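Visitor: Structure incoming, see below.
All of the numbers you see were taken from the coordinates with simple rules; none came from a lab. Predicted, not measured: the structure shown is a model, and the values here were computed from it. No Cβ is skipped: glycine too gets one built from the backbone with ideal geometry, and neighbour counts run over all protein chains shown.
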Amino acid sequence: MAYDKFNIVKSTAVPLSIENVDTDQIIPARFLKATERKGFGDNLFRDWRYNNDGSPKTDFVLNNSKYSGKILVGGKNFGSGSSREHAAWAIYDYGFRCVVSSFFADIFKNNSLNIGVLPVTVSPEFLAKIYQAIDADPKTELEVNLPDQTITLLATGEKETFAIDGYKKHNMLNGFDDVDYLQAMKNEIQSFATHMVL
Amino acid sequence: MNNTPKTLFDKVWDAHVVRSIPDGPDVFFIDRHFIHEVTSPVAFLGLKNRGVKVMFPEKTFATADHNTPTINQHLPVEDPLSANQLKALEENAAAHGISHWGLGNPKNGIVHVVGPENGITLPGMTVVCGDSHTSTHGAFGAIAFGIGTSEVEMVLSSQCIMQAKAKKMRINVNGKLGKGVTPKDVALFIISQISASGATGYFVEYAGEVFENMSMEGRMTVCNLSIESGARGGMIAPDETTFAYLKGKEKAPKGDAWDTALEYWKTLKTDEGAQFDKELNYSADEIEPQITYGTNPGLGTGISQNIPFASTVKDGEASYKKSLAYMGFAEGEKLIGKKIDYVFLGSCTNGRIEDFRAFASIVKGRKKADNITAWLVPGSHVVEQQIKDEGILDIITAAGFQLRQPGCSACLAMNDDKVPAGKYAVSTSNRNFEGRQGPGSRTLLASPFVAAAAAVTGVVTDPRDLL
């Protein structure tokens, strides 16, 4: 599914300084019953965000008006557990374009790249700096520059580079997806398949 | 001829690379694709929007499991949203000529139970499904892992996905397991040692006497839980146990095709001297029956141990304390004797016949504790039939338990099998995340023995005392 191109995102950020945020928290299983991809943002972090009666939990960061932005900053091992792409959809649908962490779970990272949410892996030290900066000033801005593969704390100019393979980078910069790439090489796949032993 | 020693993982991986993209992933060919009702509808919608057909419908297999009720399966599904997903799966499978084992079909069951029991998963294959516990199929010496819905669409449309080759880890466990120690305990032990993210970025090969001596059911339990240490997947070299399990299975090769396949399968093992990026060694006698006390599968320990103090855990102290607070537990507390409200036997982790045999061996001649609500859910109709044929149904019925119908059930509580807020469940499933078994539910992961011991005593009990 096509998504918006990603180039440079300059934005305030939402700090979620919890480790091992699993995809069941990002979107609980009972909200996976749709047959279309829409409305998942409403249930992003549902059980951390709302009480059983549907009223907002005031101590949760998404309900704190001090924080907003297109960048979500999560703790170590973000996106662990279930392979549900709905987690990445919910993050995108809510309005985030980028998730920053010191460590991502593999499947979540792939899913995010496939739908246009950029996972940015930073060092634990830089992650701590980001949290400190947001804590000191919730309006502080980060710049995520995909062409240069850098993330910068604009207030101080401190920056770090991040890794992404050239193929995925090209896709994100252009809003391309893998299905189109694979469609274009179907003859090669067909020929490969005929030579498979199993 | 390249004589560099290869790992099992290398051999299977390299045989499936259609194209290596420079500074990018491999275009990776998929032999078997399982789909279910939850993670496939949007992928089919994608195909429709692009006007693309399924490239190899005979390589995809559909079964309904995540959303299905575990009682009264002959009646219409009450939840309209669940019913809609089940209908979508049926219609999409029919429209594209894909095999579909829906609700009521005698082959129906949990995707990772029915695939192997029908011989769909074979050694040396690549197997994917929009479900992280696809790692289960690695028990056959296959490369098997969970994928997202975008990747489901890729496999449907081109039988390939884009994958960067993972790093390689080997986990060796040697020696002989003690009384009451099951494959589930081996897996939970490993995860507790390396943490819920300890194998992220790796594909794991399990090796050593403990896995060599394990049944296929046990190997599936171990490989199933690979993802809970963050691993992309886990695999075990196929051997005589594997071949004996597969021989005669409906979709396994027959006659000359079997002989040809067998010859190939026997080459599927790690060569002497092959390199791993990481290697870990454990001894079987370090492992006692395990139980988790926190909100990720890495937070587990031997059942006779106390809950660790925050100062001794590897993960962040704040996250650890949040986890214990959710569970209503305190640092340093004993686990034995904790009151339990629910017991869940089932799931793609422990919903196979061996698991029911183990459960029955403890509840035989005993009675379900009054404070326990128990859900016993077979992984498939085939397992359900075995339970009846082997007399296990009589044993559990006499002990005051009921057998439900197959499905994922309370493992992820998408259907009505939800543990209420604040209640404690000993579960043989795979995840103890906050709310996993229902909003506010508190899950302690354990083996079928530990589940049975809790079911008859009403509290966390060392199953070795009852065996």
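Visitor: With θ set to phi - 60°, apply the Karplus curve 6.51 cos²θ - 1.76 cosθ + 1.60 along the range B:147-162 and write out the HN-Hα couplings as whole Hz, x wherever there is a Gly or Pro.
Guide: Listing the rounded values in order: 9, x, 5, 4, 6, 4, 5, 4, 5, 4, 8, 9, 6, 9, 10, 9 Hz.
Visitor: Also, quick follow-up: For the range A:34-50, list residues with backbone N below 16 Å from a point placed 7 Å from the Cα of A:Phe60 toward its Cβ?
Guide: Residues passing the 16 Å test: A:40-50.
Visitor: For the range A:47-139, which trypsin sites (Lys or Arg not before Pro) are in a loop by DSSP, counting at most 15 other Cβ atoms within 10 Å?
Guide: Values: sites: A:Arg49, A:Lys57, A:Lys66, A:Lys70, A:Lys76, A:Arg84, A:Arg97, A:Lys109, A:Lys129, A:Lys139; in loops: A:Lys57, A:Lys66, A:Lys70, A:Lys76, A:Arg84, A:Arg97, A:Lys139.
Answer by residue number: A:Lys57, A:Lys66, A:Lys139.
Visitor: Using unit Cβ charges (K, R positive; D, E negative) and no other charged atoms, how large, in debye to the nearest 20, is the dipole of the range A:104-161 about its Cα centre? Intermediate results must be reported in sequence, preceding the final value.
Guide: Details: 4 positive and 9 negative charges, 28 e Å.
The dipole magnitude comes to about 140 debye.
Visitor: Given H placed on each backbone N at 1.01 Å, which residues far from B:Val18 in sequence or on other chains put an amide H within less than 5 Å of it?
Guide: Answer set, sorted by chain and number: B:Val27, B:Phe28, B:Phe29.
Visitor: May I pose another question? Magnitude of the Cβ-charge dipole of the protein assembly as shown, K/R +1 and D/E -1, about the Cα centre, nearest 20 debye?
Guide: Working: 67 positive and 77 negative charges, 141 e Å.
Using Cβ point charges on Lys, Arg, Asp and Glu, the protein assembly as shown gives about 680 debye.
Visitor: Relative contact order for chain B: what percent, with Cα pairs under 8 Å and sequence separation of 6 or more?
Guide: 17 percent
Visitor: Take the residue pairs A:Lys5/B:Lys165; A:Lys57/B:Lys338; B:Lys168/B:Lys321; B:Lys11/B:Lys179 and return only those whose Cα atoms are more than 28 Å apart. List each step's numbers first, then the result.
Guide: On the way: A:Lys5/B:Lys165 26 Å; A:Lys57/B:Lys338 30 Å; B:Lys168/B:Lys321 33 Å; B:Lys11/B:Lys179 36 Å.
Beyond 28 Å between Cα atoms: A:Lys57/B:Lys338; B:Lys168/B:Lys321; B:Lys11/B:Lys179.
Visitor: Next up: Note down the relative contact order for chain A as a percent, whole number, built from C-alpha pairs under 8 angstrom at least six residues apart. Could you put the intermediate results ahead of the total?
Guide: Numbers: 354 pairs, mean separation 50.5, N = 198.
For chain A, the relative contact order is 26 percent.
Visitor: In terms of modelled amide H atoms, which long-range or inter-chain residues lie less than 5 Å from the amide H of B:Leu444?
Guide: B:Ala425, B:Val426, B:Ser427
Visitor: Could you give me the ³J(HN,Hα) list for the range B:280-290, computed from phi with Karplus coefficients 6.51, -1.76, 1.60 and θ = phi - 60°, whole Hz, x at Gly and Pro?
Guide: Those phi angles translate into 10, 10, 9, 10, 4, 6, 7, 9, 10, x, 9 Hz.
Visitor: How many percent of all Cα-Cα pairs in the protein assembly as shown sit more than 37 Å apart?
Guide: Details: 71202 of 220780 pairs.
Everything past 37 Å amounts to 32 percent.
Visitor: Below 8 Å, C-alpha to C-alpha, sequence gap of six or more: please give me the relative contact order for the range B:313-465 in percent.
Guide: Values: 312 pairs, mean separation 45.5, N = 153.
Computed over the range B:313-465, the figure is 30 percent.
Visitor: Taking the Cα centre of chain B as the origin, how large is its charge dipole in debye, to the nearest 20, when only Lys and Arg (+1) and Asp and Glu (-1) carry charge on their Cβ atoms? Working shown, then result.
Guide: Working: 46 positive and 52 negative charges, 101 e Å.
It works out to roughly 480 debye.
Visitor: Something else now. Sort B:Glu205, B:Glu263, A:Glu141 so the one with the fewest other Cβ atoms within 10 Å of its own Cβ comes first. Mind showing how you got there, number by number?
Guide: Details: B:Glu205 26, B:Glu263 9, A:Glu141 17.
By the 10 Å Cβ count, ascending, the order reads B:Glu263, A:Glu141, B:Glu205.
Visitor: Right, something else. To the nearest whole number, what is the average tally of beta carbon atoms from other chains within 10 Å of the beta carbons of peptide A:101-113? Before the final figure, lay out the partial values.
Guide: Details: counts 0, 0, 4, 4, 7, 16, 10, 1, 2, 10, 5, 1, 3.
Rounded to a whole number, the mean comes out at 5.
Visitor: Which length gain, in nm to one decimal place, applies between A:Ser191 and A:Lys10 when the Cα-Cα distance is subtracted from 0.36 nm times their residue separation?
Guide: On the way: separation 181, 0.36 × 181 = 65.16 nm, distance 4.54 nm.
Length difference between fully extended and current span is 60.6 nm.
Visitor: Here's a follow-up. Report, in whole Å, the centroid distance computed from the Cα atoms of the range B:62-88 and the range B:399-467.
Guide: Computed from Cα coordinates, the inter-centre distance equals 22 Å.
Visitor: If you filter the range A:142-198 for trypsin sites (Lys or Arg not before Pro), then keep DSSP loop positions with at most 16 other Cβ within 10 Å, what is left?
Guide: Working: sites: A:Lys159, A:Lys168, A:Lys169, A:Lys186; in loops: none.
Sparse-neighbourhood loop trypsin sites (Lys or Arg not before Pro): none present.
Visitor: Taking neighbour Cβ counts within 10 Å as the exposure measure, how do B:Glu212, B:Glu434, A:Glu125 sort from fewest upward? Mind dumping the intermediate values first?
Guide: On the way: B:Glu212 16, B:Glu434 21, A:Glu125 10.
By the 10 Å Cβ count, ascending, the order reads A:Glu125, B:Glu212, B:Glu434.
Visitor: Beyond 28 Å between alpha-carbons counts as too far, so tell me which of A:Lys139/B:Lys314; B:Lys339/B:Lys388; B:Lys59/B:Lys107; A:Lys76/B:Lys59 fall in that bin.
Guide: Numbers: A:Lys139/B:Lys314 32 Å; B:Lys339/B:Lys388 31 Å; B:Lys59/B:Lys107 17 Å; A:Lys76/B:Lys59 37 Å.
Those over the limit are A:Lys139/B:Lys314; B:Lys339/B:Lys388; A:Lys76/B:Lys59.
Visitor: At what distance in nm do the modelled label points of A:Tyr131 and B:Lys176 sit from each other, each positioned 7 Å from its Cα along Cα→Cβ?
Guide: 4.8 nm
Visitor: Looking only at other chains, what is the average number of their beta-carbon atoms within 10 angstrom of each beta-carbon in B:422-428? Mind showing how you got there, number by number?
Guide: Working: counts 0, 0, 0, 0, 0, 0, 0.
Per residue, the average neighbour count from other chains is 0.
Visitor: How big is the antiparallel share of DSSP beta bridges in the protein assembly as shown, given as a percent to the nearest 5? Spell out each step's value before the answer.
Guide: Numbers: 27 of 80 bridges.
In the protein assembly as shown, approximately 35 percent of DSSP beta bridges are antiparallel ones.
Visitor: Please list, in chain and number order, the residues 5+ apart from B:Lys165 or on another chain whose amide H is under 5 Å from its amide H, with Hs placed from the backbone.
Guide: B:Asp26
Visitor: Can you list the aspartates and glutamates whose alpha carbon sits under 15 Å from that of B:Lys254, skipping same-chain ones fewer than 8 residues off?
Guide: Straight-line reach from B:Lys254, under 15 Å: B:Glu263.
Visitor: Run through the DSSP bridge list for chain A and note the antiparallel percent, rounded to the nearest 5.
Guide: Details: 13 of 26 bridges.
Around 50 percent antiparallel, to the nearest 5.
Visitor: Taking every DSSP beta bridge with both residues inside the range B:1-288, roughly what % is antiparallel (nearest 5)? All intermediate terms of the calculation are to be shown ahead of the outcome.
Guide: Details: 7 of 35 bridges.
That works out to approximately 20 percent antiparallel.
Visitor: Mind checking the mean number of beta-carbon atoms from other chains within 10 Å of the Cβ atoms in A:72-84?
Guide: Details: counts 0, 0, 0, 4, 4, 10, 1, 0, 13, 11, 13, 16, 9.
Mean shielding by partner chains, rounded to a whole number: 6.
Visitor: Could I ask something else about it? Which order results if B:Thr397, B:Thr312, B:Thr301 are arranged by neighbouring Cβ count within 10 Å, fewest first? Mind dumping the intermediate values first?
Guide: Numbers: B:Thr397 11, B:Thr312 8, B:Thr301 19.
In order of increasing Cβ crowding within 10 Å: B:Thr312, B:Thr397, B:Thr301.
Visitor: In nm, to one decimal, how far is the modelled label at B:Thr260 from the one at B:Asn105, with both set 7 Å along Cα→Cβ?
Guide: Computed distance between label sites B:Thr260 and B:Asn105 equals 2.7 nm.
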